[in-house]
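Q: This is the structure I have questions about; it appears just below.
Every number in this text was worked out from the coordinates using simple rules, so none of it is lab data. Since this is a predicted model, take the numbers as computed values, not measurements. Virtual Cβ from ideal backbone geometry, glycine too; neighbours counted across all protein chains shown.
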Amino acid sequence: MEITVQWIRTSWTKESRGGEGAARRNAAPVGFALPCPAPSSAHVVRMHERNDFAPYDSQEDLDRVNVQLREADGRLRVQPRLEPLLAIPPRPRRPPAVRLAPGQWVRWQLNYRFSSASGTQDWSYWMDTFNIAYGPVGADAFLSEPTVHIDERGALR
């Protein structure tokens, strides 16, 4: 069965933690129209504060996307992998994997805060949004409300 993956990464620094910067960041879309990706590729969209959160898209192999996808018994099991173990916020208890039936899709969001190992650089932040559909979808599939929404974002301070 066809699997469609869109991975959106929004990244920023403390400059966009409040005020106008945060307003621009929060206005960034969490879903985009799909190009015609190859069957084994994902639509990847990057947005960064230094570019005023303008989207830049590309395609990557599915095995480079930080999400586990496994088909079994007519369903697709979806579970994003976490980034480095020392990332903040800690996630001691994660939601279970989502099992999608054909025709369903999930939007799964996670956020992170990082500092340099020596603590000499300011904090940096990012949010990953994974839009994943099981079965054929139209180009505008991820512009609507998902069948399942998992919000695993935590307080970043």
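Q: Mind giving me the FRET efficiency for Arg113 and Asp140? R0 is 30 Å, r the Cβ-Cβ distance, nearest 0.05 is fine.
A: On the way: r = 33 Å, r/R0 = 1.09.
Efficiency, from the Cβ-Cβ distance: 0.40.
Q: Okay, moving on. Using 0.36 nm times the number of residues separating Arg81 and Asp57, minus their current alpha carbon distance, what extension gain do you get? The partial results should precede the final answer.
A: Numbers: separation 24, 0.36 × 24 = 8.64 nm, distance 2.14 nm.
Working it through step by step, the gained length comes to 6.5 nm.
Q: Right, something else. Please pull out the direction-averaged projected area of the chain, using the convex hull of its alpha-carbon atoms, in nm² to one decimal place.
A: Taking the Cα atoms of the chain, their convex hull projects to 9.6 nm² on average.
Q: Now, a different point. Applying 1/(1 + (r/R0)^6) with R0 = 35 Å to the Cβ-Cβ distance of Arg153 and Glu71, what FRET efficiency is obtained, to the nearest 0.05? Spell out each step's value before the answer.
A: Values: r = 27 Å, r/R0 = 0.79.
Efficiency for this residue pair is about 0.80.
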